[in-house]
1. Looking at ALA28, is it part of a helix (DSSP H, G or I), crowded, with 23+ Cβ neighbours inside 10 Å, among the small types (Gly, Ala, Ser) and at negative phi?
2. I need a count of the residues in region 58-72 that are open to solvent by 50 Å² or more (accessible area, probe 1.4 Å) and under 30 Å from the mean Cα position of the chain (by Cα).
3. Which members of region 137-185 meet the condition of being farther than 25 Å from GLY110 by Cα, surrounded by 12 or more Cβ atoms within 10 Å (Cβ to Cβ) and of a type outside the set (D, E, K, R)?
4. Of all residues being in a helix (DSSP H, G or I) and closer than 15 Å to GLY139 by Cα in region 72-89, which is modelled with the lowest pLDDT? Just the residue, please.
5. Name every residue in region 73-96 that is open to solvent by less than 10 Å² (accessible area, probe 1.4 Å) and on the phi < 0 side of the Ramachandran plot, in order of residue number.
6. Condition (residue is outside any helix (DSSP H, G or I), open to solvent by 10 Å² or more (accessible area, probe 1.4 Å), at negative phi and not basic (Lys, Arg)) applied to region 107-123: is it met by at least one residue?
Amino acid sequence: MRGERIEAWARGHESAVDAVFAAVLLAAALVFGRVVQAEGTYFLFSALLLIPLAVRRRRPVWCLIAIALAALAQWLTVRGTVGALPADVAVPLAVHAAAAYGPRWAGRAGVIAGLVGAALGGLEWPRLRDTVVAHLVIGAFFASTVIAAWAVGTIQRLRRSQVDAQRELAVLAERARIAREMHDVVAHSLAVVIAQADGGRYAARTDAAVQALETIGAHARQALGDTRRILGVLRDGSQQSVEPAVGLGDVAALVERVRGSGWEVSLSIDDGVV
């Protein structure tokens, strides 16, 4: 139960979660840099790589672009000195975010950029053991992390799409259920009212009774038509308006219909106000 509450809170505060996540990674990278007494470029590129992760779900495309540019600048600037950094973990994280939360083209662009970066990293690193096998192993490792991040992000996108589709189907099913129940309760009752009003109109002996029954039948038929129209919109799930097409201009006609049923009704309009 507590885990579900934490998960629900995290889904509702994605921006805060991403910002804290990026801050924790940056703090860990900076502490590691202090321990190994790294140079200033280490801290600079660690910040450039990790800070964009704070918007990886809100702005996955911009996060990917910023991290890709920072990684390219790192390769061009310090490839022969410090080489790979712990902050390079931002690359697969950005690829994952692009595949999971960005447009489809962003996910494809992210995996391509990540594979290019893996090839460049494998070509230049490691510096301590300059053999072909070592370069191939490093390049394959970088490429595998990029592909894995892209695959996980793509699967996450598909699962989210399935969940959204299931929710939409559940909403449509609930709307159809409500429509059926409303039809059973309201439409059937109105049909009975219409039948009884028509039967009473033929059996009535006075003009007033006939007129009253005719008014009941007319109003019931109109209510039945409006009910069926609303239920049709509810059942189909369309976005068209379900508001009745009656406005202030129809007040006079409404008064005449009520007056025709035998009631004493008066209408006065003062400066356009009823």
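The values are calculated or read from the model by the stated rules, or taken from the named source; none is laboratory data. It should be emphasised that the depicted structure is a prediction, and the values quoted were computed from it without experimental measurement. Note that we place each Cβ from the backbone using ideal geometry, even for glycine, and neighbour counts take in every protein chain shown. We work out accessible area using only protein heavy atoms, side chains counted, and drop any ligands, DNA or RNA first. Shrake-Rupley method; radii C 1.70, N 1.55, O 1.52, S 1.80 Å.
1. Working: part of a helix (DSSP H, G or I): yes; crowded, with 23+ Cβ neighbours inside 10 Å: no; among the small types (Gly, Ala, Ser): yes; at negative phi: yes.
No; evaluated as a whole, the condition is false for this residue.
2. Going residue by residue through region 58-72, those that are open to solvent by 50 Å² or more (accessible area, probe 1.4 Å) are 58-59, 62, 65, 69, 72.
Imposing the further condition that a residue be under 30 Å from the mean Cα position of the chain (by Cα) reduces the set to 58-59, 62, 65, 69.
Residues flagged as open to solvent by 50 Å² or more (accessible area, probe 1.4 Å) and under 30 Å from the mean Cα position of the chain (by Cα) within region 58-72 amount to 5.
3. LEU172, ALA176, ILE178, ALA179, MET182, HIS183 - these are the residues of region 137-185 that are farther than 25 Å from GLY110 by Cα, surrounded by 12 or more Cβ atoms within 10 Å (Cβ to Cβ) and of a type outside the set (D, E, K, R).
4. Let us first name the residues in region 72-89 that are in a helix (DSSP H, G or I), namely 72-78, 86-89.
Remaining after also requiring closer than 15 Å to GLY139 by Cα: 75, 88-89.
On the way: TRP75: 88, ASP88: 91, VAL89: 93.
For region 72-89, the residue satisfying everything is TRP75.
5. GLN74, VAL78, ALA87, ALA90, ALA94, VAL95
6. Of region 107-123, the ones outside any helix (DSSP H, G or I) are none.
No, region 107-123 has no match at all.
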